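Notes follow the structure.
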Amino acid sequence: MTQLILFNVMNGLIIGAFYALMAIGLSLIMSLSDVINFAHGGFLAVGAYLAYTMTPYIGFWGGLIVAPLLTAVLGLIVEKFLISRVYGRDPLYSLLLTFGLAFIFEDGTRYIWGAQSLPYQVPGWLMSPLSSSLFFLTGYRVFMIFLIVVVVGGLFFIMTRTRLGLRIRAGTLDLETVSVLGVNVRVLRNLNFGIGIYLAGLAGVLAAGQLGLQPTIGASLIMPSFVAIIIGGLGSLTGTLLGGLLIGVASGVTAVFLPSATEAVMYVMMAAVLLIRPQGLLGEEGRF
Amino acid sequence: MTKDGFTSRLDRRTLLKAGAVIGAAQIASPFVRVARAADTIKIGVDNPLTGTYAALGKNEGIGMAMAVDEINAKGGILGRQVELSIEDSTSGDASTAVAKARKLIDRDQVSFILGNINSALAQAIANVANEKSVFHVVPGGHTDSVTGSNCHWNTFRVCNTTQTEANAVAGAVIKNAGKKWYYLTPDYAFGHTLQAGMEKAAAALGGTKVGGDLTPLGTTDFSSYLIKAQAANPDAIIFLQQGDDGVNVLKQAVQFGLDKKTHLAGAQLELEVLLGLPPEARVGTWVFEWYWNQPNVPGVKEFVAEVRKRSGGHVPTARTWFGYASIHTCALAAAQANSLDAVKMARAMQGFKLPPEIALMPDGAYYRAGQNQLIPDLYVGHPQATGKDDPEDLFVVDQVVNGADVSPTLEETMCKQDWPA
Amino acid sequence: MSFLTVENISKHFGSLVAVDGVTMRVEKGECRAIIGPNGAGKTTFFNLITGMLPLTSGRVSLEGRDMAGIDPSHRVKLGMARTFQITEIFPELTVRENIRIPVEIAAGLRFSPWMPRAMEGPIRDRIDQLLDEGGLHRIADRLAGELSHGDQRACEIMMALALNPRLLLLDEPTAGMGDDETYAIARLIRRIHAEQHMTIVLIEHDMRVVFNLADRITVLAEGRPLAEGTPAEITANEKVQAAYLGGAA
Amino acid sequence: MGNLDLRKQSTNLIVCALLLTLPFWIDHVGSYIQLGTQIVVMALAAMALNFLLGYTGVLSFGHAAYFGLGAYGTGMTIRYLLPSTGVGILVGTLVGALAAAVIGPMIVRLRGVYFAMVTIAFGQVFYFIAFRWNDVTGGDDGLTNWKRMPIDLGFTTVDIQHNATAFYYFVLVIFAVAVALMAFLLRSPFGRTLIAIRENERRARFMGVNVNFHIWMSWVISCTFMALAGSLSSLLNNFVDPRSLFWTQSGTFVIMCVMGGMRSFWGPLVGAAIFVALQDYLSSATPNWQSFVGLVFVIVVLFFPRGVMGIFRRKATE
């Protein structure tokens, strides 16, 4: 029994890291642009499909590098021509816009790549478990964690050490002041959106390695990401990371005792957090 | 037929054909549409085009369109051309499916209604069709109740009941793996009945259940279930997930190396799922409901060739055949009864044997009287990582099981038909 | 006991000290002006009094009642009404509706799902009276968002007055206005002060307005009180001249 | 002022006339009566949402949950407790109201996108309950094996079970009562206080309005009418399934409000009519209907943010 729980805790961390990757991208966009990007799952699917399409030509590794970048470029374009047009208006409109885009993305991927699940192949040596007793630790999952750690670490570096990151963080706190200081807010939001979408694209490629590649691949990941953001603290990246890991572990452990409550448990956690600490675990007061 | 919408093409083609019958001179006339509407026989299709079952729905659609063309080429139904009215039922929104069924029946005045892949939606449509007394064919929704406890006189089903599938495959799993089974079952009506069927079939052969979990429909990460399953140390893990869930769970099980520690098996497996799996995950013991590579059955080769023309080179799956057989069932029912009256047609189909060029299986297939369930052959076997002669030849049939031998008896199905007085 | 007592209040934003130990007493019926250079913490000071921001330390009391822990909306019920530096009105409603809402709230109808018959007349009269006093009758049926800056400000002041406050806090009522508008607003405030003996605290940049209206003046600089006194005393105060008036004059 | 009143009255009259005569003309415009009933039900839902969205200025993206609760409440009452349509509606509506009342305090402190996000997340809780609690709700298969019952009025029985037109008028009567109630509330001092919050929350707060409490009340009222709409929708289909509480359904309600015009009382009705008819048409016309629905969202947001009634109104004032 203890072993089973331990397994599930570790497994939950792996799933949680994945939720966090999604959620951090969403959270970045939400903090700076006040936009809930419902199309995040759609971008995720695009990233996965692009990687699938490119793999025969540039291999798994090439796809892993290029596909998220291309997705980010698509993100930059969508932001520039569509989403940026609703900045400054009632947040209602940005929600509806990305909601509509989510429809278009899902249907578009189905139109281009078909409704049939596609087999996305990961190099053979990554596919096997590392050890026979810890069989759920496949090479791929360990690699996934490694990559997520590197990327999230890189993101935190960008956010705390580079000019772009400092401006984004300042912008999330007080956009007016930042614009007064001569920062081009349009460009800032555009780049920030691109970073968020890059993370979605990367999550897509990683997801395709262990899930069937179908147009709805991103849809089921959006809600856990929301919950991760709410639990972790609106506007706090560290909080979002923590939130993702927490719900991953919680649903992993719940699967042992009460499998039918694996989703419910994260919402119960969310309700508890909202009651006790409405700004989220690491959120700042008054930032919501 | 490429990936873009088949409805639009279908409409255009049927329109042209209808036009040819009415007379070339009238094609340009604005009244063609009206004339066509009055003269054609409409078959309503209420099947998924979007969501999880979109791929299956598309394949059934290809089979349906092909059958319609064949029928029209031979003069149609009762001398009238046939036209499909296709509605997207969505993959799981029963309210939409019901609304669409009512729309097809009330507004489009269809003579037949087909659907659905999702068992729940199939049952919901069956109830509407029964209320309106419309001849209904379920191409591919498997749950037992449709031709069992909730059966209707007017609802016919092409695909098998879950119990039949379970009976067909249970022996092979016990032989290949052993008697202790752990179930991973999708948490909805289809999954429940399939698991019950497997348990029953296994019990009859001395198999036991060592554990099981219900997984929600649409689960993406099955790892915690797999960990539990592995901990129970079974001879075989029985996967009852379908579609995308099936792809996800098998892909993850094989990544965990479970195929090397225990036997992976299940009941129904579809070519669509195999195609979505990476080669190393194409493992286990399963049952197919129809398979395209049957070199000794006459007519199959031609059928495959024709489907390839329409699907961009892809082979037919069981789904394609379901759609094909469903439309032919409608045409045969009308021809048999020489009427479009639903009661007469349903009476005419009791015990009706499909002609071999439509059944396309060694022992043929017939609609069992009193239940309206098609009793076909089933194909027990194992997948292969890559096809030898054809990349889509991914299944090896070890044994063809005659459905008559593995179907539950009419009493066991609990079907009580509610014929109108 | 003074009407409004502010004792040694401070507000820190992290390491930034916006208001640093300010004490002020305002008597009933007094018109007090608060002046100071930009960044002196005047608006923060206002926000502390009205409860929009929590105090870091110190005490605010109205007629001896400690305001600690009392929500801004509740402070309104206790008699505090305010306007904002950037006019806060209901832009998509007409001026009449803008006035009507606070009148109904003041009449205790904010939860009322219907208008009691007996209240209809008095409420209509009160709205008309306020429209008259604010000189808003001519524009009563126009959308507030479409009005000139001065008219919007007059509307906002009348909305505050509609609440029957005993203390009126005005944050730069003439900011960004031309001479005519400034004059009209100043006259409006003077009339309210004179006719209703309203206690008024106002932040103002325009010294003509300040010296015209205020009974006493408090000068803030860098969050600290620099001086307090009658207009004449403040004019004479060397510290103030050095820090503020000197530069401005 | 006089002109405006006249126009308002004429809008009311046109809406009433169209709805009352719908069964007589709907077949002639290539549609069918169930679609008409569907439009009225969706219109009620959209107007219920607009009470919060358009008149209190609070952005809920999780209203489908209360729609679904009403539907399940009604369906389960008729199936398990008492085969009475009236009791079913009552229970369904109360269940929705109760859930909203309990959840309200947890969310009224939030604003804007955060409010939207938390309402979605809470809505999902109910979705998962309906989805996972197979034994009671039927899970993904939906709640079946029950039917709306004829209404016994004592002196006569209205057969809404088999007569689609009778059911349409039954729904229309409930719609009329609900809409009249909402209109009455919005024209009261309470309603004006809500509008004050929409217009300027800070101003409202500094007028002594306990904003969070008022938002809570508006939320509960809105969700109650939403549950009523859900209840009617379950009766329309004799069926409920978990997708009626899925968050994407909430988005559909929001677009109905925006498409019709959030600032207009009848706007959501117009939006619901357009959206339901359009979706019905598109999903028959093309398997790629989702793209077109998505495109409608984008076009409305970018080009018609004030909705159909907004366009009319602008034209009229020009």
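The values are calculated or read from the model by the stated rules, or taken from the named source; none is laboratory data. Small disclaimer: the values here were computed from a predicted structure and weren't measured. Every residue, glycine among them, receives a Cβ derived from its backbone with ideal geometry; neighbour counts consider all protein chains shown. Just so you know, the surface numbers come from the protein's heavy atoms only, side chains and all, with ligands and any DNA or RNA stripped out. Shrake-Rupley method; radii C 1.70, N 1.55, O 1.52, S 1.80 Å.
Enter the buried accessible area of the D/C pair, total of both sides, probe 1.4 Å, in Å² rounded to the nearest 100.
So the buried area, both faces added, is about 2600 Å².
From the C-alpha coordinates alone, can you work out the Kirkwood hydrodynamic radius of region B:103-210, in Å?
15.0
Could you tell me how many degrees, from 0 to 90 and to the nearest 10, lie between the Cα long axis of helix C:149-162 and the main elongation axis, the longest principal axis, of the Cα atoms of chain C?
80
Work out how far the C-alpha atoms of region C:120-249 reach from end to end along every principal axis, then list the three figures in whole Å, largest first.
Here the Cα extents, ordered largest to smallest, are 55, 28, 23 Å.
Using a 1.4 Å probe on the protein heavy atoms, what percent of the accessible area of region B:316-421 belongs to carbon and sulfur?
53
Go ahead and run the numbers for FRET between A:Leu164 and C:Ser15, Cβ-Cβ distance against an R0 of 30 Å, rounding to 0.05.
0.70
For q values of 0.11, 0.15 Å⁻¹, compute log₁₀ I(q)/I(0) with the Debye formula on a Cα-only model of region A:151-218, without solvent.
Log10 I(q)/I(0), no solvent term: -0.37, -0.59.
Residue by residue through D:192-199, how many Cβ atoms from other chains fall within 10 Å of the Cβ on average?
For peptide D:192-199, the averaged partner shielding equals 6.
Three principal axis extents, largest first, for the C-alpha atoms of region B:103-155, in Å?
Principal-axis extents of region B:103-155 (Cα, largest first): 30, 19, 13 Å.
Give the interface area between chains B and D as buried accessible surface, both sides summed, probe 1.4 Å, in Å² to the nearest 100.
Rounded to the nearest hundred, the buried surface is 2300 Å².
Return the ratio Rg/(2.2 N^0.38 Å) for region A:47-149, where Rg is computed over Cα atoms only.
Ratio of Cα Rg to 2.2 N^0.38 Å: 1.41.
Less than 16 Å apart at the alpha-carbon level, and either on another chain or at least 8 residues along: which lysines does that give for D:Lys8?
Within reach: D:Lys315.
Quick check: at a probe of 1.4 Å, how many percent of the accessible area of region D:31-246 sits on carbon and sulfur atoms?
On region D:31-246, the fraction of accessible area on carbon and sulfur atoms equals 67 percent.
Does any residue of region D:24-72 lose at least 40 Å² of accessible area with all protein chains in place compared with its chain alone, and if so which ones (probe 1.4 Å)?
D:Tyr32, D:Gln34, D:Leu59, D:Phe61
For the pair B:Thr386 and A:Val150, how long in nm is the line joining their label points, each one 7 Å along Cα→Cβ?
2.9
What cysteines in the protein assembly as shown have no other cysteine with a beta carbon less than 4.7 Å from their beta carbon?
Cys with no partner Cβ under 4.7 Å: B:Cys159, B:Cys330, C:Cys31, C:Cys155, D:Cys16, D:Cys223, D:Cys257.
Step through the residues of region A:118-131 one at a time and calculate ³J(HN,Hα) from phi using the Karplus curve (6.51 cos²θ - 1.76 cosθ + 1.60, θ = phi - 60°), rounding each to whole Hz and writing x for Gly and Pro.
10, x, 9, 9, 9, x, x, 5, 7, 7, 8, x, 6, 9
Relative to a virtual label point 7 Å from the Cα of B:Asn338 in the Cα→beta-carbon direction, which members of region B:53-86 show backbone nitrogen distances below 14 Å?
Correct set: B:78-79.
Using every Cα-Cα pair within region D:31-246, state what percent have a distance larger than 21 Å.
Pairs farther apart than 21 Å: 53 percent.
Take the alpha carbon gyration tensor of region B:239-389, find the square roots of its eigenvalues, order them as a ≥ b ≥ c, and report rounded if a/c is under 1.5; if not, report prolate when a/b exceeds b/c, else oblate.
Here region B:239-389 falls in the prolate category.
Please report the buried accessible area for the interface of A with B, total over both chains, probe 1.4 Å, in Å² to the nearest 100.
For chain A against chain B, roughly 3100 Å² becomes buried.
In Å, what Rg and Dmax follow from the Cα atoms of region A:2-276?
18.5, 59
Work out how far the C-alpha atoms of chain C reach from end to end along every principal axis, then list the three figures in whole Å, largest first.
58, 41, 33
Ignoring ligands, DNA and RNA, what accessible area per residue does region C:28-149 give at 1.4 Å, in Å²?
Heavy-atom SASA per residue in region C:28-149 reads 42 Å².
What's the FRET efficiency of C:Leu78 with C:Glu146 using the Cβ-Cβ distance as r and R₀ = 25 Å, to the nearest 0.05?
The computed FRET efficiency comes out at 0.15.
Say each of C:Asp71 and B:Asp393 gets a label point 7 Å from the Cα, pointing the same way as Cα to Cβ; how far apart are those two points in nm?
The modelled label-to-label distance comes out at 7.6 nm.
Please work out how much accessible surface C:His137 shows to a 1.4 Å probe, ignoring ligands, DNA and RNA, in Å² rounded to 10.
Probe radius 1.4 Å; accessible area of C:His137 about 80 Å².
Among D:Pro305, D:Pro287, D:Pro83, which one shows the biggest mean-square fluctuation in a GNM of chain D, springs joining Cα atoms closer than 10 Å?
D:Pro287
Based on Cα positions only, what radius of gyration and what Dmax would you give for region D:218-259, in angstroms?
In order Rg, Dmax, the Cα atoms of region D:218-259 give 11.1, 30 Å.
For the pair B:Lys200 and A:Ile77, how long in nm is the line joining their label points, each one 7 Å along Cα→Cβ?
5.5
What residues qualify as long-range amide H neighbours of B:Cys151, i.e. H under 5 Å apart, gap of 5 or more or another chain, H built at 1.01 Å from N?
B:Lys416
Can you list which of the trypsin sites (Lys or Arg not before Pro) found in region A:62-171 are DSSP loop residues with at most 13 other C-beta atoms within 10 Å?
For trypsin sites (Lys or Arg not before Pro) across region A:62-171 that sit outside H, G, I, E and B with at most 13 neighbouring Cβ atoms in 10 Å, the list reads A:Arg89.
Work out from phi, with θ = phi - 60° and the Karplus expression 6.51 cos²θ - 1.76 cosθ + 1.60, the ³J(HN,Hα) of each residue of region A:81-92, listed in order in whole Hz, and give x for Gly and Pro.
For region A:81-92, the Karplus-derived couplings read 8, 10, 5, 4, 6, 10, 4, x, 8, 3, x, 3 Hz, x marking Gly and Pro.
Apply the Karplus parameterisation 6.51 cos²θ - 1.76 cosθ + 1.60, with θ equal to phi minus 60°, to every residue of region A:21-34 and state each ³J(HN,Hα) to the nearest whole Hz, in sequence, with x for glycine and proline.
For region A:21-34, the Karplus curve yields 4, 4, 5, 5, x, 4, 5, 4, 5, 5, 5, 8, 10, 6 Hz.
If r is the Cβ-Cβ distance from A:Ser128 to B:Glu357 and R0 is 56 Å, what FRET efficiency results, to the nearest 0.05?
Once rounded, the FRET efficiency stands at 0.75.
Name all residues of region D:37-59 having a backbone nitrogen under 17 Å from the label point set 7 Å from the Cα of D:Ala180 along its Cα→Cβ direction, giving them as ranges.
Zone members listed by number: D:44.
Indicate, rounded to the nearest 5 percent, the antiparallel portion of the DSSP beta bridges found entirely in the protein assembly as shown.
Rounded to the nearest five, the antiparallel share is 45 percent.
Note the count of lysine pairs whose C-alpha atoms are less than 21 angstrom apart in region B:204-304, limited to pairs 8 or more residues apart or on different chains.
Taking the Cα cut-off of 21 Å, the pair count is 8.
Which value in Å is the Kirkwood Rh of region C:89-164 over different Cα pairs?
12.3
Considering every Cα-Cα pair within the protein assembly as shown, what fraction, in whole percent, is farther apart than 48 Å?
39
Summarise the partner chain shielding of A:15-25 as one whole number: the mean count of Cβ atoms from other chains within 10 Å of each residue's Cβ.
1
If amide H atoms are built 1.01 Å from N in the plane of the peptide, which residues on other chains or at least 5 residues away come under 5 Å of the amide H of B:Gly211?
Residues meeting the amide H criterion: B:Tyr183.
Applying a 10 Å radius around every beta-carbon, put C:50-57, B:47-54 in order of their mean neighbour count, most first.
Going from most to least packed, we get B:47-54, C:50-57.
Calculate the radius of gyration of the Cα atoms of chain B to one decimal place, then report Dmax, the largest Cα-Cα distance, as a whole number, both in Å.
My reading of the Cα-based Rg and Dmax gives 21.2, 74 Å.
If amide hydrogens are placed 1.01 Å from N in the peptide plane, which non-local residues have theirs closer than 5 Å to the one on B:Asn116?
B:Ala122, B:Gly140, B:Gly141
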